[in-house]
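Enquirer: Before I ask anything, here is the structure I am working with.
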Amino acid sequence: MTSHTVYRTFTTAQRRELIRITEDVQRAVDEAGVREGMALVSAMHITAGVWVNDDEPGLHRDVLEWLDKLAPPSWQPSKNPAASALTPDPGDYRHHAGGEDNGDAHLKNLLVHHQAIVPVTDGRLDLGPWQQIFYTEFDGRRPKRLIIKVLGE
Amino acid sequence: MTSHTVYRTFTTAQRRELIRITEDVQRAVDEAGVREGMALVSAMHITAGVWVNDDEPGLHRDVLEWLDKLAPPSWQPSKNPAASALTPDPGDYRHHAGGEDNGDAHLKNLLVHHQAIVPVTDGRLDLGPWQQIFYTEFDGRRPKRLIIKVLGE
Amino acid sequence: MTSHTVYRTFTTAQRRELIRITEDVQRAVDEAGVREGMALVSAMHITAGVWVNDDEPGLHRDVLEWLDKLAPPSWQPSKNPAASALTPDPGDYRHHAGGEDNGDAHLKNLLVHHQAIVPVTDGRLDLGPWQQIFYTEFDGRRPKRLIIKVLGE
């Protein structure tokens, strides 16, 4: 079994940002020389995610707005009463007692997940026609790491 | 390491539908002859998912209703004010500007996830007593693909 | 390829409980003698999850409160109108027709997921500085199993 590990560090300009990494993952597969196996793509932080979805800017704005309703940040006004109702009952996240303000980013990480496993067939990422891999930053503007681990033969 | 890849295509009669695929995944493991390893089960579309849960029809209806509240479709009336509040602020998904109407299916894909990894022990899917694997279609009535990739020895 | 499988059984004192299992997973990797590979950590029940996030008690309380709004239990009063609106329209989960009362735990399992894959590099779990692995019980007070499967070389 061959194993190949690549780390990438992202320092996004915005607090939230989506970065397409399909090409990075394919490059790791190429470097590994793996023909059959998988690539594990995993955020190494608890306020970022990895997802596989469409590379369509309208959808990206839809998703970020929707996540701000489901897992509302306390550092900006609530989008509407439903979003307010999904904030914690003490009025702010308990997690912020220590001086943090990124409680919502932790919840978003749990919702969209911090990792994806991409099958590798005949040396290529075996994705459907519209599947692209994204690193999804929910609390950026500082260096954060991602691991790509290719396993196979 | 042995690798075996199976593709399945589903064309569901309904727009949303759950299809139990535990037996398909076990068959792929049998074909691979793998005794120890894993089966990666992954939707190849961005508007479908794969989950492991109970094969209980009441629960399935509960989940589909609940997903329509958390990630509301714009092609049917909102279930209630909370569901309305979770639709996008422009009144419809930005993703629909290009003529699509499946924005909600993308969000559902992100919520329930497009893949699961099933451990294989002694040639069998190593699942708990009530765990069944489902392909979960959120925008069907057209051919959509699933990949099952078995890796192990 | 080396494979090593460990089962753990949890009987939590509370209905909901988070149990840190990072050390259990590392121990399984040590026992396997795997230097490069992955550890699949997967709940064997459909009312429990596995997640990778911060070991911070305030955050844990935030997450459990938030999950009770997003996937409301019917065995306690709703937290607020938004949580009520996310309960099923028949007034109770259809899943409860058979005498169960854990419909919400199934939904929570789908939301936070029942599994995580941890990369193993040079014999160590390759996690970021704040990443800890948790077994997340949503319907405990009875024995429930978890599988840890280490694959690699």
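Enquirer: Taking N as the number of residues in segment A:7-79, what value does Rg over Cα atoms divided by 2.2 N^0.38 Å take?
Expert: Details: Rg = 15.3 Å, N = 73, 2.2 N^0.38 = 11.2 Å.
So the Cα radius of gyration is 1.37 times the expected 2.2 N^0.38 Å.
Enquirer: C:Asn53's amide H: which non-local residues (gap 5+, or another chain) put their own amide H closer than 5 Å, with H modeled 1.01 Å from N in plane and none for Pro or chain starts?
Expert: Counting only residues 5 or more places away or on other chains, the set is C:Gln132, C:Phe134.
Enquirer: Net charge around A:Asn80, counting only other residues with Cβ within less than 12 Å of its Cβ (Lys, Arg = +1; Asp, Glu = -1)?
Expert: Working: positive: A:Lys69, A:Lys79; negative: A:Glu65, A:Asp68, B:Asp89.
Result for the local shell: -1.
Enquirer: Mind giving me the nanometre distance, one decimal, between the label points for B:Arg145 and B:Trp130, set 7 Å out from Cα along Cα→Cβ?
Expert: It is 3.6 nm.
Enquirer: In terms of modelled amide H atoms, which long-range or inter-chain residues lie less than 5 Å from the amide H of C:Ser74?
Expert: C:Asp104
Enquirer: Along Cα→Cβ at 7 Å, what distances in nm separate the B:Glu23 label point from those on the other copies, shortest first?
Expert: With the label placed 7 Å along Cα→Cβ, B:Glu23 yields 4.6, 4.6 nm.
Enquirer: When each copy gets a label point 7 Å from Cα toward the beta-carbon at A:Thr9, what are the spacings between them in nm, shortest first?
Expert: 4.7, 4.7
Enquirer: In debye to the nearest 20, how big a dipole does the protein assembly as shown give about its Cα centre with +1 on each Lys and Arg Cβ and -1 on each Asp and Glu Cβ? Please list the in-between numbers first.
Expert: On the way: 51 positive and 66 negative charges, 32 e Å.
Dipole about the Cα centre, nearest 20: 160 debye.
Enquirer: Given the C-alpha centroids of segment A:30-103 and segment C:93-123, what is the distance between them in whole angstrom?
Expert: Between the Cα centres of segment A:30-103 and segment C:93-123 lies a distance of 19 Å.
Enquirer: Over chain B, with a Gaussian network built from C-alpha contacts below 10 Å, which listed residue (B:Thr47, B:Thr11, B:Thr87) shows the highest mean-square fluctuation?
Expert: Result for chain B, Cα springs under 10 Å: B:Thr11 fluctuates most.
Enquirer: Only Lys, Arg, Asp and Glu count, each charged at its Cβ (+1, +1, -1, -1), so figure out the dipole size of chain C about its Cα centre, rounded to 20 debye.
Expert: Working: 17 positive and 22 negative charges, 77 e Å.
The dipole magnitude comes to about 360 debye.
Enquirer: Something else about it: Taking Cα atoms of chain C, Rg/Rh with Kirkwood Rh, to two decimals? Don't jump to the answer; show the numbers that get you there.
Expert: Values: Rg = 17.1 Å, Rh = 16.5 Å.
My calculation puts Rg/Rh at 1.04.
Enquirer: If you wrap a convex hull around the C-alpha atoms of segment C:69-153 and split its volume per residue, what is the figure in Å³? Walk me through the numbers on the way to the answer.
Expert: Values: hull volume 12.2 nm³, N = 85.
Normalising the Cα hull of segment C:69-153 by residue number yields 143 Å³.
Enquirer: Arrange the peptides B:18-27, A:31-40 so that the one whose residues have, on average, the most other Cβ atoms within 10 Å appears first. If you can, show how the numbers build up before the last one.
Expert: Numbers: B:18-27: 17.0, A:31-40: 20.3.
Descending mean neighbour count gives A:31-40, B:18-27.
Enquirer: If the label for A:Ser84 sits 7 angstrom from Cα along the Cα-to-Cβ line, what are its distances to the same label in every other copy, in nm to one decimal, shortest first?
Expert: 1.6, 1.6
Enquirer: Then there is this: At a Cα cut-off below 18 Å, give the lysines reachable from C:Lys144, other chains included and same-chain residues fewer than 8 away excluded.
Expert: C:Lys108
Throughout, read-outs are computed from the coordinates displayed, never taken from laboratory work. None of the values given here were measured: they were computed from a predicted structure. All Cβ positions, glycine included, derive from the backbone under ideal geometry; neighbour counts span all protein chains shown.
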